[in-house]
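Asker: My questions all concern the structure below.
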Amino acid sequence: GSPEGYERLRSGAPCLMTPLLLARLATQVTQFYCSLASLVTVFNALEVRPSPDLFGYSFWTQQNILEATGTVGEVHPQVGLTLAQLTYVASKRANATAFHAGQHGVEALRE
């Protein structure tokens, strides 16, 4: 993280999710997995669990998320994922809606 990023985290409005997200922060394993790393972080923080029959994992990883959501072969993270593709993967285990930040004010994104 950059000094600017750390300062934004420190000076931002209090959010109950921040400690949960930071405690489960997954850094991307490849340059193309930033969206999957973000989804893994959110799913783990919200305690959205993968299916118990997934090799005994009780948490998400960047290596198991596509298999656990049944999206292997449907999306190809080796070239990066669009917001629509990421939302599709997320929707397999949770109610997911895509929001483009530029189309909404900050308050709308916080709802």
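The values are calculated or read from the model by the stated rules, or taken from the named source; none is laboratory data. For clarity, every value in this text was computed on a predicted model and none was experimentally measured. Heads up, the Cβs are rebuilt from the backbone with ideal geometry, glycines too, and the neighbour counts pull from every protein chain shown. Ligands, DNA and RNA are excluded from the accessible area calculation, which covers all protein heavy atoms including side chains. Shrake-Rupley method; radii C 1.70, N 1.55, O 1.52, S 1.80 Å.
Asker: State all residues of region 44-96 that are of a type in the set (Lys, Arg) and touching a residue at least 24 places away in the same chain (Cβ under 8 Å); if no residue qualifies, say none.
Answerer: First pass over region 44-96, keeping only residues of a type in the set (Lys, Arg): 49, 92-93.
Answer for region 44-96, where residues must be of a type in the set (Lys, Arg) and touching a residue at least 24 places away in the same chain (Cβ under 8 Å): just Arg93.
Asker: Still on this structure, I have one more. Please enumerate the residues belonging to region 68-106 that are more than 14 Å from Leu39 (Cα to Cα) and open to solvent by 60 Å² or more (accessible area, probe 1.4 Å).
Answerer: Across region 68-106, the qualifying residues are Val72, Glu74, His76, Gln78, Val79, Phe99, His100, Ala101, Gly102, Gln103, His104, Val106.
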